Amino acid sequence: MQNILGLAWSMAYIVLVLIVATLVAKFSRGASESSRKLVHILVGNWVFLIPLFTDLWAVVLVPFTFIIVNSLSLKYRLIAAMERSDDSLGTVYYAISMFVLSGAAFVLKWPVLAYTGLLTMAYGDGLAAIIGGRWAKARPFAFAPQRSLAGSLTVAVVAFVVTALSLFILEDGAPSAVLTVLLIALLNAVLSAFIELTGKRGSDNLSLPVGSGLFAVLAWRFGSPGLLLYLLLAVLILAIAFKAHAITPDGIVAALLTALTLYTLGDVWIATALLLFFILGSGVSKLKNDSKRLAETIQEGDGPRNWKQVLCNSLPAVALVWMHYFLPGQRFLLLLALG
C-alpha cells in the first residue's frame, strides 16, 4: 500500500510540474528556456519522495516510465514545454539518471548518492542555464566555448551546498566532522563544474548526477588523506595528458571517476598500479590488466581518448571491484581486476 501511495504522489507531482510548465510555455508563446528549465529543476525534487517507497521495483518504476515517455516525446514532441528544437537527448538522460541513482541508492542504502546527484543536476545545471544566459559575457573555457563562467560558478555553488547538506542530514557522524564534509563539498563543487563543462547534447544530465553523487558518497564513506593525495596526483597527470592532446575533457571525467572507484572500492595497491601506469606508460605496457589499460589510453599517441575509450578499457576492472564490494570475502576478484 505504501508503494502505491508513493507512486500516486510521484505521478501527481510530475504531472503537476508538466501542467505548470505547459502553461508557462503557452503564456510565453511557445516552449522557452524558462519552461524547459522549470521542468528540469522541479522534476528533480522527486528525490524527496523516494523515502515513501519500500520496494526497489516501485522506486525505479517512475523514472523507468519517464525514460519511455521522454524518448517518445523526443521523437514526436508530445510534451513541447520541455523539448528543444535540436537533437539533444537531455530529457532522456535525465530520466536515466533518476532510474540509475534512485535504484542504486535504494539497494546500497546510500541516500546521499541520489540526493546529491539528482539535486546537483536539477538545481545546478538548471540554474546555470538561466544565470549563464543572463550574465554570459565571460566564456573563458577554450574546450567549452558555449559555457559561461557565471554558469559554471552556479553549478559549483549548488554542488557545494547540496553535497554539504546531504552529508550533514543523511550521514551519521557528519555533523561532528564539519571540516571533512566541507572539504568533500568543495572538491565535489569543482568536479561538478568541470563535468558540466564537458557535457554535449545533454549528456551532462547523465554525467553530472552520476559523477557528483558517486564522488560525494565514496569520498565520505571511504575517504582518507591517501585518497586525496592520490586524486591530486591523478589530476596532475591527466592535466599533462590533456595539454599533450592525449585525452579529451570528457575522457578526464571518466578517468577520474574510474580512479576514484578503484581506490575506494578496490584497494590501495590497485589504485597505485593504475597511477604507476599513468606515469610510466609504455615502460610497463607488458603488464596487462584492465585498470592499467585505462592509463595506457592516455599514453598512446593515436589521438585524444574520449570517455567511451576510457570506459571500454576500464569497465572490467570497475565491475570487478564493485563485485568485491558485494562479496567482500572473495579476494580473487581484486586479483582479477589486476589481470
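Values in this text are rule-based calculations from the coordinates and carry no lab data. Quantities reported herein were computed from a predicted structural model and do not represent experimental measurements. Note that we place each Cβ from the backbone using ideal geometry, even for glycine, and neighbour counts take in every protein chain shown.
Got a sec? How would Asp250, Asp267, Asp172 order by Cβ neighbour count within 10 Å, fewest to most?
Numbers: Asp250 22, Asp267 17, Asp172 6.
If I rank by nearby Cβ atoms, fewest first, I get Asp172, Asp267, Asp250.
Taking H placed 1.01 Å from N in the peptide plane, check which residues at least 5 places from Ala138 or on another chain put their amide H under 5 Å from its amide H.
Leu149, Ala150
Can you check what the Kirkwood hydrodynamic radius comes to for the chain, Cα pairs only, in Å to one decimal?
Numbers: mean 1/r = 0.0481 Å⁻¹.
Computed over Cα pairs of the chain, the Kirkwood hydrodynamic radius comes out at 20.8 Å.
Would you calculate, for the chain, the mean residue ellipticity at 222 nm contributed by helices, counting each DSSP H stretch of 4 or more residues as -39,500 (n - 2.57) and dividing by all residues, to the nearest 500? Each step should come with its number before you reach the end.
Values: 15 runs with 239 residues, N = 339.
That calculation yields -23500 deg cm²/dmol at 222 nm.
When each pair of different Cα atoms in the range 155-237 is counted once in the 1/r mean, what is the Kirkwood radius in angstroms, to one decimal? Walk me through the numbers on the way to the answer.
Details: mean 1/r = 0.0764 Å⁻¹.
Here the Kirkwood hydrodynamic radius works out to 13.1 Å.
Out of residues 5 or more away from Arg305 or on other chains, whose amide H comes under 5 Å of its own, with H placed 1.01 Å from N in the peptide plane?
Residues meeting the amide H criterion: Ile247, Thr248.
Could you put Met323, Met121 in order, starting from the residue whose Cβ has the fewest other Cβ atoms within 10 Å?
On the way: Met323 15, Met121 36.
Starting with the residue having the fewest Cβ neighbours, the order is Met323, Met121.
Could you calculate, for the range 112-178, the ratio of the Cα radius of gyration to the Kirkwood radius, expressed as Rg to Rh? Intermediate values should be presented prior to the final figure.
Details: Rg = 14.3 Å, Rh = 12.8 Å.
With Rh from the inverse mean 1/r over Cα pairs, Rg/Rh is 1.11.
Do any of Lys75/Lys109; Lys37/Lys308; Lys26/Lys109; Lys75/Lys243; Lys109/Lys243; Lys75/Lys137 go past 32 Å between their Cα atoms, and which?
Beyond 32 Å between Cα atoms: Lys75/Lys109; Lys26/Lys109; Lys75/Lys243; Lys109/Lys243; Lys75/Lys137.
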